[in-house]
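The values are calculated or read from the model by the stated rules, or taken from the named source; none is laboratory data. Since the model is a prediction, treat every value here as computed from it, not as a measurement. So basically every Cβ, Gly included, is an ideal-geometry build from the backbone, and we count neighbours across all protein chains shown. Areas reflect the complete protein model, heavy atoms only, side chains present, ligands, DNA and RNA absent. Shrake-Rupley method; radii C 1.70, N 1.55, O 1.52, S 1.80 Å.
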Amino acid sequence: MTTHKLKFAPSILARLGEELLPNFDQGIIELVRNAYDADATECKITLTNIIEPGGQIKISDNGHGMDEDSISSGWLVLGSSTKRGAGTTQNGRVQVGDKGLGRLAALRMGKVTRLTSRPSITTPKLDVATTEFDTALVWEEFDKKLTVDKVDVEVYSTSLEKDVLSGTDIEINHLYKKITKPEVERLARSLMLLSNPFEEANDFTLTFQCSEYPEYEKLVKEGYLSEAEFVLKAQLNDSGEAVAEVIDWKGDVLWTTTSQDWFTSKKKKKEPLYKAPKAKFELSMFFLEQASFATRNINKAQVSKWLKALGGVHLYHNDFRVHPYGDEGSDWLDMNLERVNNPTIRPSTNTSIGRVNVFDEHKILQQKTDRVGFIENEAFSELKRFVKDSLDWYAYRKQKDAENKKEAAKSTDSKDVKDKRKALDSAIKNIKDEKTQNALKQAVKAANIATEKQSRHLQDDLKLYRSLATAGTTPPPKHTQHT
């Protein structure tokens, strides 16, 4: 008996890559996910000379990097992921990259794929490297062989003269095809769903560069934050005093308050000072109605998808993101519950995106042992109270604004009715025939009585529905008899 090995032809690489992932952005996303799993805080994607064949795609990160063994047993093994069952990363992230084949389509977009990696030799918070590893995949060499295992892939190591930041660079060179504008836009939108839209937060920042289509660079960096209808900003100082303001889409400040003014005006039996660390709260709110997007270059579906992926209030402690606050399914401020009772006024996790930055020099807030969330001590409860009070104040002012506009409209309508009645009376008086004049007066009087009666019925129905809505019930539908 003799033994043999199963082999496969180079053509299978094309089938596994291009056919399984027809859109190249999916492959790039997998490479970006690898950077996230390497605990990178920054990842840069650069497209160069892509409007014609021969361009380049480069993905660079400042993660932990790979040594020769990691490259050989991990990166060069297609169709298998070493992350399955690995749990969390060194810095406590839940790993998101799992598809071993996901990156293959991207790597084969060009004639040569080059990997340069600088593995970290110190703690995760001090990621520096003293050695650089380099390898290249020349796809033409694979195509010349009967089976892929006949190609030797060499990994070179170089000692660096001085310590540099750890990380990994992947270059996909000499692209076979050009990348069209719709494809760049698709990639930008995919990256946007992974990126952190808050500039000051040190979590995972994506930078996208494409000189041919620079308009998509801002999209990846900021998402749709600039499209918000209202922005609520609140600050808590070291003394426990809070201030807040609401800004509209034009950048005009609509309302301002302080914690002292807010509690005094509402006669709330709450302490206007908060026993929590210094913090900033910012929430961007969107109106997801088709009319709001009529004059914009985006549509409701795009913003809705973005908010579904990133919506809610994220929490940062001394510039670092703390999970699960703001993650999908985490409504730690009960925003969705509050919105049920007042859907036209209150924001939800699907209509807003925000952050709380806590500047906790003395580390009053304590994370749980598993690093997922904070221990709910007094300081954390007071921090939540500050944020929820800010949301309550916004809802109060929004409600008052709606009531003021309603009263103004009623006043205008009342004046309009008086003017129209005066004009009607004048027109009737100008009628010479006394009999016709009296008949018109009686008809107008009857119409006014009927209108007032209908208005009273509508007001009674409105009161009923409001009371039932408060109780959480609705009346049965009315049955209309047809004769």
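List of remarks:
- Scanning the stretch 217-247 for residues that are among the small types (Gly, Ala, Ser), open to solvent by less than 40 Å² (accessible area, probe 1.4 Å) and within 18 Å of Leu191 (Cβ to Cβ) gives a single hit, Gly223.
- The one condition in (1) part of a strand (DSSP E or B); (2) open to solvent by less than 30 Å² (accessible area, probe 1.4 Å) that Phe142 fails to fulfil: (1)
- Where Pro119 falls short, out of the listed (1) at pLDDT below 90; (2) more than 22 Å from Asp25 (Cβ to Cβ); (3) open to solvent by less than 30 Å² (accessible area, probe 1.4 Å); (4) in contact with an Asp or Glu (Cβ under 7 Å, 6 or more places away or on another chain): (1)
- Every residue from the stretch 292-324 that is in contact (Cβ under 8 Å) with a residue 40 or more places away in the chain, in a helix (DSSP H, G or I) and open to solvent by 10 Å² or more (accessible area, probe 1.4 Å): Ser292, Gln302, Ser304, Lys305, Lys308, Ala309, Leu310
- Among the residues of the stretch 373-385, just one is touching a residue at least 60 places away in the same chain (Cβ under 8 Å) and under 23 Å from Arg93 (Cβ atoms), namely Phe380.
- Among (1) within 21 Å of Asp319 (Cα to Cα); (2) exposed (fewer than 13 other Cβ atoms within 10 Å of the Cβ) - the single one Lys275 does not satisfy: (2)
- Each residue in the stretch 385-401 was checked for being surrounded by 12 or more Cβ atoms within 10 Å (Cβ to Cβ) and more than 15 Å from Ala244 (Cα to Cα), and 2 of them qualify.
- Restricting the stretch 41-62 to residues that are open to solvent by less than 10 Å² (accessible area, probe 1.4 Å) and of a type in the set (Val, Ile, Thr), the residue that is farthest from Lys111 (Cα to Cα): Ile45
- Whichever residue in the stretch 172-216 is without any contact (Cβ under 8 Å) to a residue 24 or more places away in the chain and in a helix (DSSP H, G or I) and, among such residues, is surrounded by the fewest Cβ atoms within 10 Å (Cβ to Cβ): Pro182
- Scanning the stretch 149-168 for residues that are crowded, with 17+ Cβ neighbours inside 10 Å and either closer than 22 Å to Tyr216 by Cα or β-branched (Val, Ile, Thr) (or both) turns up Val155, Thr168.
- Remark: pairs (first residue in the stretch 254-265, within 15 Å of Ala395 (Cα to Cα) and of a type in the set (Lys, Arg); second residue open to solvent by 30 Å² or more (accessible area, probe 1.4 Å) and modelled with pLDDT under 85; Cβ separation under 6 Å; 6+ apart in sequence or on different chains) are absent.
- Glu328 being acidic (Asp, Glu) and modelled with pLDDT of 90 or more: no
- Scanning the stretch 342-361 for residues that are surrounded by fewer than 16 Cβ atoms within 10 Å (Cβ to Cβ), touching a residue at least 12 places away in the same chain (Cβ under 8 Å) and more than 19 Å from Lys384 (Cβ to Cβ) turns up Asn342, Thr344, Glu361.
- Yes/no for Lys406 being under 30 Å from Ala242 (Cβ atoms), surrounded by 10 or more Cβ atoms within 10 Å (Cβ to Cβ) and within 31 Å of the chain's Cα centre (by Cα): no
- Residue pairs meeting the criteria (Cβ under 7 Å; at least 6 apart or on separate chains; first under 16 Å from Asn342 (Cα atoms), in the stretch 388-408; second exposed (fewer than 14 other Cβ atoms within 10 Å of the Cβ) and polar (S, T, N, Q)): Ala395/Asn342
- Thr113 open to solvent by less than 60 Å² (accessible area, probe 1.4 Å) and over 27 Å from Gln26 (Cα atoms): no
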